[in-house]
Each structure stands twice: as structure tokens, then as C-alpha cells.
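Here is the structure we will look at.
The values are calculated or read from the model by the stated rules, or taken from the named source; none is laboratory data. Remember, it's a predicted structure, so these values are computed and weren't measured experimentally. All Cβ positions, glycine included, derive from the backbone under ideal geometry; neighbour counts span all protein chains shown. These area figures cover heavy atoms from the full protein model, side chains too; ligands, DNA and RNA do not enter into them. Shrake-Rupley method; radii C 1.70, N 1.55, O 1.52, S 1.80 Å.
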Amino acid sequence: MTGRVIHTGQVVIDLVLRVEALPEPGADVFADEAAMAVGGGFNVLAAARGLGVETLYAGPLGEGPFAEAARQALEAIGVDHVGPLVPGDQGYCVAMTDARAERTFVSTHGAETRGPLDAFDHLEVRGDDVVYISGYSLADEASRVALERLVGRLAQDRVGCRALFDVSPMVGSVPLPALERIGELEPIWSLNERESGLLAARLGSAVEAGDHASTCEALSGLLGTVLVRAGERGSWFADGGSATRTPSIPVTPVDTNGAGDAHSGVLAAALARGTDLATALRWANIAGALTTTHFGPATCPSEAEIRALA
């Protein structure tokens, strides 16, 4: 039986700008391209739906034009919203991508951060589900408390579901006790290169920059199951022992926005389908790589494209 992917994070609106380079303080530049799209957690949801897995959005939705755009986008890809309805409009993220394909974000706090403390109290989670957790949920007190309540319930009830924790850039600032609480679910800790270095430093582990295998092993020794994503160099996975590398594919990137989301969405969906871990990681790497060849956030390739390269 195929499980579901349950997303507990945030769907926002992306205001996407493509620029040659970010302006210096006080300077002004025109964007070469601009677009508005539903993004944030939507990118993960769309990637998971691309593998045909039932996918639920359990985060908050507000009211207003941005929230309505998010609601319509979720309906269009067949994702049911099972989270709370809250006052105010969805927040937005200004995502600037430069000529090196590197992205810089400036985000606002919207309805997605105003969920009630009992937001997940009635969320039904089954043993074959994959629960996706975002580190951004730990940056806001109400969202953090609601998520901690869910984690505590699932751990106490021994539901047995699988959890994927996309740590996010917030790993450098969120309270360490909140990270420890998420660890009660024994999730897969998924981090990119920068995030893995930040977390290793916060946990007092001395690692050499660029040594992804050692970083992955060091974090795994402290946290359990760890996945370090390193773009074109692939990813490293460790579960208390030596790190195993999964290669990626060579691409010419134009926009890295949404690559991590595609990776997480495909990985979560593949695991929910019962795909073996080695294959799931390979698919996720390919999805993340191909996403960077298109401009915009939700550009995950189809399952057919992934299979053709895997």
C-alpha cells in the first residue's frame, strides 16, 4: 500500500526576479526577468504529486489574493488542504537569482506563520505516511509550538511514520531545543552544504569545509539519519556509520531556486511509494539537478524524465 506525503510547512507566494548581480547598498538595478508564482512548500507538494502520490498540505491558509492564488494552485495539482484557515493573507518571498544561478531570498511573515497552537492536533497520520517538516516552521513561535505538539503526539503514539526534516537556512538561528524535539521522530535530516556546516558548528563538531562525507558522518553520529545535499557533486547519506555518496548528473544551471524543494518532494514521494532508499536518493538528485535548468521555483521534472536519466 502506498503512503501519503503530508506537508506541515508553509505555502507562500514567490516574487521571482532574475538579475545580473545583486545591487550594492543604495544602488538600483532592473530585473532581466520577473514572475510571480506560488512557491515555498508548494514546490515540494508539486514535486511529490509528480510521482502520483497522494499529497496533503497541513499548513495554514489565509484569506486574500495571495491565499486564493495558493488555494487554486493546490487544487490544480490535486493537493487537499487539511490545515487551518486563519485571518490575513499569505506571505511572500522576493527571490532574486543572479547570473551565477545563485538565489537570495527576502521573506515576509504572512498567514502561513499564524496557525493556531492546535493546528495539527486533529491531523491523522498513518504508519506508511511520510511527514515533511520544514525548518522554517521553527522560526515562528506559534508554528514551532504547533509542530512540537504534533511531534510529541506521533512519538508517544508510536505511529511509525517516516519523517523528512528539511532543515532550511533557519538552522543557524532556531532554538536548539526545538531541533532536539524534532529528533524525537528520528527523521531523515536533509541539509545542503551551507546548512550542514552551520549545524555542525552549532553542535560543536569540527568539520572541514567541503568534506561532505566527514560532515555527514559527524552529524549522523549526533543526530541519526543524515542527508547532505551538494548539488552537482551529488549527496551523502549516513545512518550512524560511514557516509554513502549518491551521484548527480551534469547540468548547466540557470536558477537554483526550488532545487532543494524538488529533491525533498521526490524523495518523500518515492519513500511513500515504498521505493528502496538508494533509488529514491538517485531520483531526488536527478530531480534537483534538472530543476536548476529552468527559471522559476516549481520546475521539478516529470517521473518519466527522472526515470530516463536514472
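Some values worked out for this structure:
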item	result
Residue in segment 16-27 that is most open to solvent (accessible area, probe 1.4 Å), counting only those that are touching a strand residue (DSSP E or B) at 6+ places or on another chain (Cβ under 8 Å) and in a loop (DSSP other than H, G, I, E, B)	22
Segments classed as helices (runs of 4 or more DSSP H), wholly inside segment 210-310, with at least 3 members that are crowded, with 24+ Cβ neighbours inside 10 Å	212-223, 259-272, 277-291
Where a residue in segment 59-72 is without any contact (Cβ under 8 Å) to a residue 12 or more places away in the chain and its partner, wherever it lies, is not aromatic (Phe, Trp, Tyr), with Cβ under 8 Å and at least six apart	71/61; 71/81
Residue tally, condition of a type outside the set (A, V, I, L, M, F, W, C) and touching a strand residue (DSSP E or B) at 6+ places or on another chain (Cβ under 8 Å), over segment 262-299	8
Residue match in segment 117-129 (condition: crowded, with 23+ Cβ neighbours inside 10 Å, under 19 Å from residue 260 (Cβ atoms) and at pLDDT 95 or above)	no
Qualifying residue in segment 155-166 (condition: assigned to a helix (DSSP H, G or I) and open to solvent by less than 30 Å² (accessible area, probe 1.4 Å))	no
Criterion: part of a strand (DSSP E or B) and within 15 Å of residue 132 (Cβ to Cβ) - qualifying residue of 6, 13	6
Residue within segment 188-195 that is buried (at least 20 other Cβ atoms within 10 Å of the Cβ) and assigned to a helix (DSSP H, G or I) present	yes
Residue list for segment 86-105, filter: polar (S, T, N, Q) and either assigned to a strand (DSSP E or B) or open to solvent by 30 Å² or more (accessible area, probe 1.4 Å) (or both)	97, 104
Options 252, 256; residue that is more than 19 Å from the chain's Cα centre (by Cα), closer than 29 Å to residue 12 by Cβ and hydroxyl-bearing (Ser, Thr, Tyr)	252
Test: residue in segment 109-120 that is closer than 26 Å to residue 156 by Cα, in a loop (DSSP other than H, G, I, E, B) and without any contact (Cβ under 8 Å) to a residue 12 or more places away in the chain	no
Cross-chain or 6+ apart pairs with Cβ under 6 Å, segment 197-213 first and closer than 18 Å to residue 227 by Cβ, then open to solvent by 70 Å² or more (accessible area, probe 1.4 Å)	203/222
